Amino acid sequence: MLLLILTGLAWMVQIMSMVKFLMNYGVELTNFLGLTMMMIPFILSIIVPFVTFIAALFVYNKLIGDNEIVVMAGAGLAPRTMARPALVLAGIITIAHIILNVWIVPATQAKFYDTQWNLRYGLAHLKLQEGTFTELTHGRVVYVDKVSGYDLNQVMLSDIRNDQSQMIVFARTGKLVSTLRGLSIVMTDGALYASDKATVIGTFDTFDMDLSMTEKTNNSSFKARRMTTGALIRSLNTDLTEKQRKTVISELANRLIMPFMNFVLVALCVTILLRSSLLRRRASLAPAAAVVTMSVVMAAFMSLSNMLYSVADLMMLAGGFGVLAVIIILVLVRK
C-alpha cells in the first residue's frame, strides 16, 4: 500500500514538472500520460528499498509494542526465527528489484526518451489542419490546402525568423518525414523566394527543409539510464570521457548493488528492533535508531556510488556492503 501511495505521489510530481512540455508542444493528453507512465519503473527502482524498510519497521515495532516479541521469545523462538519472515520478503523484493533495474528500467527509459523526442521534434509533434496557417515555431508558418496522413497538397511555407534572411516556399505537393535532425518536409514542383545578402527567386523539382534543429543522436546528451546493462558494461572498453565513465560506473552501481539494499536495510531494522526488545533496553528508542542508521547507510551508498571512477571502485563498494550485511546477520543470529 505504501509503495502504491508513494509511487502515485512521485508520478503526480513528474506530471506537474512536465506540464510545460504538454503546453509548449501541443501534445495530446493521452500521449502525455503515456509518456509520464514510462517513468514509473524508474520511480519504483528508487523508492522500493525505503518502502521495504518502512514496512518492516512498522510491523516489528507493532509486535514489540503489543509485547508479542517478548511472548515469542519466552516460547523459545530465537531472534533469527522471528526475523525470518522479513528477511525472506526482503530477499524476494531484492530479486524483483534486480530484474527491474537490469532489464525493465533501461527499456522503459529508452522508450521514454525516444517518445519524448518524437513528441517534441518528430512526426507526432506536428498536427496540420487543412486550410489553416500553422505556426511551427516562432516566425515559421506553414499552410496546407489538403492533408492525407503525411502527404500534403498545395503547400506554402514562410520562414521569417531572421529579419536579415527570409524565405517563402510554394509547392504543389509535400511529404512530412522524420530524420535524425527531427521533422522535415520534402516539397516537389514549386517555387521559392529567398532574401539574404541577395534576393533569389526560382523554381525547383524537389526541395527539402528541416522543421527542427535538434539532433536525435547528440553526443552531448549521454544518458546512461537508457542504455541496456550489457551495453553499459561494454562501453567501459570504449573511449569514454572521464565524466561519461564516471556516469557509467555510477549507473552500474545503482543497477547492480542498489537492489541488495533491500536486504541490508531490512536486516538492520529487525536486528536493532529485536535486540533492543530482547535485551530489555528502552525499546521506544529502537525505531528512531533504526531510521537514523538507515539514513546513514543510504546516504553513504548514494555518496559513494557518485564517487566511483573505475570497476575496482565498484567492486570495493559491493564488497563493503557485502561485509556489512554479513556483520548484521552475525549480530542477529548471536545468542
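The values are calculated or read from the model by the stated rules, or taken from the named source; none is laboratory data. Note that the coordinates shown come from a computational prediction; the quantities given were computed from them, not determined experimentally. Neighbour counts run over all protein chains shown; Cβ positions are idealised from the backbone, glycine included.
Before moving on, here are some points about what is shown:
- Failed item, numbered, when residue 46 is tested on (1) under 20 Å from the mean Cα position of the chain (by Cα); (2) surrounded by fewer than 13 Cβ atoms within 10 Å (Cβ to Cβ): (2)
- For first residues located in the range 147-167 and over 22 Å from residue 198 (Cα atoms), partners that are not in a strand (DSSP E or B) and lie 6+ apart or on another chain with Cβ distances below 6 Å form the pairs 147/128; 147/130.
- Selected residue [at negative phi and in contact with a Leu (Cβ under 6 Å, 6 or more places away or on another chain)] from 228, 293: 293
- Top-ranked residue in the range 275-300 [being buried (at least 22 other Cβ atoms within 10 Å of the Cβ) and at pLDDT 90 or above; ranked as nearest to residue 50 (Cα to Cα)]: 294
- Output for the range 82-116, where each listed residue is surrounded by fewer than 18 Cβ atoms within 10 Å (Cβ to Cβ) and aromatic (Phe, Trp, Tyr): 103, 113
- The single condition among (1) within 28 Å of residue 130 (Cβ to Cβ); (2) modelled with pLDDT under 80 that residue 170 does not meet is (2).
- For the range 49-100, the set of residues classified as charged (D, E, K, R) and without any contact (Cβ under 8 Å) to a residue 24 or more places away in the chain consists of 62, 66, 68, 84, listed by residue number.
- Unique match (being part of a loop (DSSP other than H, G, I, E, B) and over 25 Å from residue 85 (Cβ atoms)) among 314, 304, 308: 308
- Meets criteria (within 16 Å of the chain's Cα centre (by Cα), at pLDDT 90 or above and over 22 Å from residue 229 (Cβ atoms)) for residue 81: no
- Residue within the range 15-37 that is closer than 24 Å to residue 296 by Cα, among the aliphatic types (A, V, I, L, M) and either assigned by TED's automatic domain parsing to the domain that holds residue 230 or assigned to a helix (DSSP H, G or I) (or both) present: no
- Residues within the range 308-335 that are surrounded by 12 or more Cβ atoms within 10 Å (Cβ to Cβ) and closer than 26 Å to residue 236 by Cα, tallied: 12
- Condition check for residue 151 on (1) under 28 Å from residue 253 (Cα atoms); (2) assigned by TED's automatic domain parsing to the domain that holds residue 175: one failure, at (1).
- In the set (1) surrounded by fewer than 15 Cβ atoms within 10 Å (Cβ to Cβ); (2) outside the structural domain of residue 322 (by TED's automatic domain parsing); (3) modelled with pLDDT of 80 or more, residue 65 fails one condition alone, (2).
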